[in-house]
Structures are given as structure tokens and as C-alpha cells.
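The values are calculated or read from the model by the stated rules, or taken from the named source; none is laboratory data. For clarity, every value in this text was computed on a predicted model and none was experimentally measured. Note that we place each Cβ from the backbone using ideal geometry, even for glycine, and neighbour counts take in every protein chain shown.
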């Protein structure tokens, strides 16, 4: 069968790459074409548009890049029609993918969605649109089944693919890691400032400004594959090391972490690294978000656990004094032990290994029986 997959950012590329791998095992004749990234391509999908050309965040950036976004949508539609897939599989990335879902539905193209948009956080009425345009939804968070039930829309809960991804990641030798990246023997505090330019530019300077208050530790920035190292250097303290495209290895050896809210916070928790979660966006975008947000927490860790497991420093709370104080708490044994116990509970709530395999098998089964 023929599959067309759209993933518009690094986390989507990572999670979709596992789906591509499992689809090829479940369907040996699978022909997969995608908007995505290097990881999907490495698993055998034909890459036609890289997510680096699609990652725009915040009201201002969307407006400034509107022509590029519209051209991407136009190209995607033309490419899908030419490929004529048995199914269009959308991976998160709702700003782009919900437009594609509506268009595909109107053109009689079967639509499956893997990793639901976070509509439970704001504008929950979009559940009606998903019910109208999406033939099958595969959700990865345990509370999403109950959420969609409010719309009389049955979904498949498959578990979280990060358990697969992290479980498969090879163990990194601590001595070799430090030697290869010219790191000292001091305990590591990892800085994960996000993967988008807007995130990095708004948060990295502050994240990297507190090193003098922690002289017994070394700070190491996780460089995302979507950005060149030169971009990070605009905002970082030059005494700080940066490790490019080795985030998981870095987390294996980190003592604590400062993390931009998003998938990275969940990854950090599953690597059992105590963390403080930070986020800052454009002023206008923040004001709009505060009017429509429907959840109590920004971090997926706290949302899944339905309580504050990790401290969130959002917008105005994200300042130097708060960051120093919260990071100091992460170094205290009592606080660390409490957070690590709750991380164990979090992993249990997210289901066992095999989410990607379960999703691929369900997709192939649904298509075969349709």
C-alpha cells in the first residue's frame, strides 16, 4: 500500500521515523512518501519536503512567512494527488496538518492522525473538526481517550512512542562522551532550549546566564539538528559547551536540566533527569494563549500526572532569580528523590514498549479491512 506522512518538526520526524520502520515490517510492500526529516528518510521514506522549511512559530513569524507557508500547502496538495496514496497519515503539527485533513477529506483521501493535536489545551471545539475530517485517530496520552469520548469519537490509545525511542537508544559511555566533547569531570547541567529559532532566541541567553552561580557544575547545551551551531553562539555564554545532535547521550549523563516546554520535557523525565521547565513566547501570542488555554499545566509531565511534578517557569516567571532558585532545588537530594519517584509513575502511565508497532499494525489492519 501507499502511505503519505506529514511531520513538520524534529520531534515529529523522530516519532514518525519509528512508525515508518514498523509500517515497512507490517506491510513489506509499503511505499512511503513524506514531508518530514532525515530520520524518516533513513527508515526508507521518500522525503519531498524537509521540516526545516516549515517550522514557523508564533503570530509574528507566521505572518512574516505566510507566503512560504501557503506555497508549502499548495505543493503538498499537488504532491499528494500525484502520489495517490491509500492513506494520508498526519503526525501532530496541527496548524498545517488540520488544513491538509480538511482538504484530503474533501478530495476523498483517507485520513489517519497519529499523535493528536493538543486540542484539549485550547479551542476544544476543534474536536468536531477532527471527527468530521479524520477517519482514524491514534492517541499517545492516556487522558486523550476520555477527551475524545466527549465528542462521541472513538480513538485508539497506543501508548507513547518515546518509550520505544528511548528504550532503543544505545547506552553512551560516560568517559568517551566527556572526552569526545571536551567536557570536564564536573556534574553536567543540560540546557535544552528547543529546536525552533524563536524558542532559542527568546530563552537561551537567560538559560545560559546563570553558570556563575553553580561553579561546581558544567552547563552543556543540546544543539538540535534543525539549527546550525552558529545560531546558538549568538545567544550563549561562550564558556558553555554545546553538543550537537546528541541530546539523548547528553541526558544519559546529566545531573539536572533546564528544558524548554514540549516533547523535550517528557524525554528528560523518561531519562530520569530532574528538571525545571521554561517557556517564553511573543507577547501577543502569550496574551491570546492565556485567554483560550484550558489546562492547568504547560508541561506534558505535569499534564499526564495531573499535578506539579516539575516546576514550570512560563513567560514572566521565567527570570534569572527564579531559574537560579529552582535549579538549586534540583541539586538537593530530597527534591531529586521525590521527582525521580514520580518519573517512575509517569513511565507506567504512558504504557509499555511497542507503541510504534501497535500503531503500524492497526493502520495496516484498518486499511486491509476497509
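Looking only at helices (runs of 4 or more DSSP H) that fall completely inside the stretch 126-220, which ones have 1 or more residues that are in contact with a helix residue (DSSP H, G or I) (Cβ under 8 Å, 6 or more places away or on another chain) and closer than 23 Å to residue 300 by Cα?
Per the criteria, 126-133, 144-149, 162-168, 197-207.
Being more than 22 Å from the chain's Cα centre (by Cα) and not in a helix (DSSP H, G or I) is the filter here, so list the residues in the stretch 319-370 that pass it.
Within the stretch 319-370, 319, 332, 369, 370 qualify.
Return yes or no: is residue 169 closer than 22 Å to residue 39 by Cβ and surrounded by fewer than 17 Cβ atoms within 10 Å (Cβ to Cβ)?
Answer is yes for this residue.
Mind listing whichever residues of the stretch 183-198 are in contact with a strand residue (DSSP E or B) (Cβ under 7 Å, 6 or more places away or on another chain) and surrounded by fewer than 22 Cβ atoms within 10 Å (Cβ to Cβ)?
183, 184, 186, 187
Select from the stretch 10-33 the residues that are at pLDDT 95 or above and within 17 Å of residue 115 (Cα to Cα) and write down the one among them that is nearest to the chain's Cα centre (by Cα).
That would be 16.
Are any residues in the stretch 18-45 touching a helix residue (DSSP H, G or I) at 6+ places or on another chain (Cβ under 7 Å) and not in a helix (DSSP H, G or I), and if so, which ones?
27, 30, 32, 33, 34, 35, 36, 37, 43, 44, 45
Out of (1) under 30 Å from residue 124 (Cα atoms); (2) surrounded by fewer than 20 Cβ atoms within 10 Å (Cβ to Cβ); (3) out of contact with any strand residue (DSSP E or B) (no Cβ under 9 Å at 6 or more places or on another chain); (4) at pLDDT 90 or above, the odd one out for residue 71 is which?
Answer for residue 71: the failing condition is (4).
Which ones in the stretch 90-146 are more than 21 Å from residue 158 (Cβ to Cβ) and either more than 21 Å from the chain's Cα centre (by Cα) or assigned by TED's automatic domain parsing to the domain that holds residue 305 (or both)?
Matches in the stretch 90-146: 102, 103, 104, 105, 106, 107, 108, 109, 125, 128, 129, 132.
Which condition number in (1) more than 20 Å from the chain's Cα centre (by Cα); (2) at pLDDT below 95; (3) within 27 Å of residue 344 (Cβ to Cβ) is the one that residue 236 fails?
(3)
Being farther than 30 Å from residue 143 by Cβ and assigned to a helix (DSSP H, G or I) is the requirement here; does residue 77 meet it?
It is true that residue 77 is farther than 30 Å from residue 143 by Cβ and assigned to a helix (DSSP H, G or I).
Out of 244, 212, report the one residue that is more than 23 Å from residue 345 (Cα to Cα), surrounded by fewer than 20 Cβ atoms within 10 Å (Cβ to Cβ), modelled with pLDDT under 95 and in contact with a strand residue (DSSP E or B) (Cβ under 6 Å, 6 or more places away or on another chain).
244
Go through the stretch 147-156 and report how many residues are under 21 Å from residue 108 (Cα atoms) and under 21 Å from the mean Cα position of the chain (by Cα).
Number satisfying all stated conditions: 1.
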